[in-house]
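In what follows, a single structure is set out as structure tokens and then discussed.
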Amino acid sequence: MPVYDAESMNITAGRIDRVAEDFRRSKAAMRGVEGESPFGDVEDADNPEQVSATLHSFTTGMRAEFEAAASLASAAGAAVRDAVRAMTETDTVAAENLTLRDM
């Protein structure tokens, strides 16, 4: 039978929550290209906004990825806490159901 340590699992859940917050902070800190394009004059003469739109699309996509990662990490932390709760409840019920028998 596996042995678990509820306190360690709760500490791990807290660390997972901090990872989720790190993703959220990173998402908030992500900026698009400001000012002059870092790619110089690569614009298409027929569509001068193409590079700007592409970079904006990339930034938007990366922000969505960071948000998805934060959501998954939050869900993982919640799952660990739920597992601790379920295992603790199971242990409590098992302890209540134990019967001492004389041999």
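No value in this document is a laboratory result; all are computed from the given coordinates. On a predicted model such as this, the values are computed, not experimentally measured, just so you know. Positions of Cβ are generated from backbone atoms using ideal geometry, with glycine treated the same way; all protein chains shown enter the neighbour counts.
Structural remarks
- FRET efficiency, 1/(1 + (r/R0)^6) with R0 41 Å, evaluated for Ala83 and Glu36 via beta carbons: 0.20
- Using a Förster distance of 25 Å, the FRET efficiency for Ser26-Phe58 (Cβ separation, nearest 0.05): 0.95
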